[in-house]
Structure formats: C-alpha cells, structure tokens
Amino acid sequence: QVQLVESGGGLVQAGGSLRLSCAMSGRTFSTYSMGWFRQAPGKEREFVAASKWSGASTDYVDSVRGRFTISRDNAKNTVYLQMNSLKLEDTSVYYCAAGPRWPARHGVEYDHWGQGTQVTVSS
C-alpha cells in the first residue's frame, strides 16, 4: 500500500522560499511519476509541477515556471518542490501525488495522494 507523506510547509513572507518534501513508501518509487498540486480555500485543485519517473522530464504550470523546481531522489524515495520568490497567491494546501502515467497534469492521472501541507505566504 502506497503512502505519501508531505512535509516542509509553513508561513513565509512574500519573496521568500520554502522546500516541500514528499516521502513515499510501499511501492517502487522510481516507477511512478510524481506530481504536486495545490488547493486554496474556495478554489479547485490546481496542478503545480510533475516529474517523470526517471526525473528526466518535468512539467510546470505557467504561474510557477521559473520560480518552482521539482526534483526527486529515487534512492530516498522522495520528491521535492523548491519554491522561490513566493507570492501571496501561492498560499494553498500542497499535495503530492503518485501515478503511472506521463505526462500527467490532471488529478485523475494519479493513483495515490498525500495528506497535504499548508503553505501560507504573508505580505
């Protein structure tokens, strides 16, 4: 049974940085594409970034491209989301997800989800 556990969220001032981590257990991490999604109160869940199982390919929503970087360490079964130049509109609960498909920008393409970690950007 796959388990995903996010960490690294918190409160940060606009312009600051945070790094989220998502540790996977229960299956072979290197066979899964890993994605990050976010959901703000009253809004739909939004795709943020994804990494193909090998890490050779990545994908980003335009609003974070150039500010966020997704990376993975298959030896540690962990995917990361480095978030720089944070903006107020980045405030959300961030979720990691694992799935067998690529590309994968939609929630239905992922089979497993973490519990989420709150990121709050203040002015």
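The values are calculated or read from the model by the stated rules, or taken from the named source; none is laboratory data. It should be emphasised that the depicted structure is a prediction, and the values quoted were computed from it without experimental measurement. No Cβ is skipped: glycine too gets one built from the backbone with ideal geometry, and neighbour counts run over all protein chains shown. Only protein heavy atoms, including side chains, enter the accessible area calculation; ligands, DNA and RNA are left aside. Shrake-Rupley method; radii C 1.70, N 1.55, O 1.52, S 1.80 Å.
Cβ-Cβ below 7 Å, separation at least six or inter-chain, first residue in region 21-45 and assigned to a strand (DSSP E or B), second basic (Lys, Arg) and surrounded by 14 or more Cβ atoms within 10 Å (Cβ to Cβ): which pairs?
Ser33/Lys52; Ser33/Arg101; Met34/Arg72; Phe37/Arg45; Gln39/Arg45
Could you please find all residues in region 8-40 being open to solvent by 70 Å² or more (accessible area, probe 1.4 Å), closer than 22 Å to Arg101 by Cβ and of a type in the set (Lys, Arg)?
Within region 8-40, just Arg27 meets the criteria.
In region 65-80, what residues are among the hydrophobic types (A, V, I, L, M, F, W, C) and either on the phi > 0 side of the Ramachandran plot or under 13 Å from the mean Cα position of the chain (by Cα) (or both)?
Phe68, Ile70, Val79
If you go through region 95-109 one residue at a time, how many are open to solvent by less than 40 Å² (accessible area, probe 1.4 Å) and in contact with a Cys (Cβ under 9 Å, 6 or more places away or on another chain)?
Final tally of qualifying residues: 3.
So Gly16 passes all but one of these: (1) touching a residue at least 40 places away in the same chain (Cβ under 8 Å); (2) assigned to a strand (DSSP E or B); (3) of a type outside the set (Lys, Arg). Which condition number does it fail?
Here Gly16 clears every test but (2).
Here's a check for you: in region 46-65, which residue that is in contact with a strand residue (DSSP E or B) (Cβ under 7 Å, 6 or more places away or on another chain) and more than 17 Å from Tyr94 (Cβ to Cβ) is surrounded by the most Cβ atoms within 10 Å (Cβ to Cβ)?
If we take residues in region 46-65 being in contact with a strand residue (DSSP E or B) (Cβ under 7 Å, 6 or more places away or on another chain) and more than 17 Å from Tyr94 (Cβ to Cβ), then Trp53 is surrounded by the most Cβ atoms within 10 Å (Cβ to Cβ).
Taking region 1-13, which residues are more than 16 Å from the chain's Cα centre (by Cα), of a type outside the set (S, T, N, Q) and not in a strand (DSSP E or B)?
Val2
Would you mind listing the strands (runs of 3 or more DSSP E) fully within region 55-119 where at least 1 residues are closer than 19 Å to Gln1 by Cα and modelled with pLDDT of 95 or more?
Fully inside region 55-119 and qualifying: 78-83, 92-99.
Lys43: exposed (fewer than 12 other Cβ atoms within 10 Å of the Cβ) and either charged (D, E, K, R) or at pLDDT 95 or above (or both), yes or no?
Working: exposed (fewer than 12 other Cβ atoms within 10 Å of the Cβ): yes; either charged (D, E, K, R) or at pLDDT 95 or above (or both): yes.
Yes; evaluated as a whole, the condition is true for this residue.
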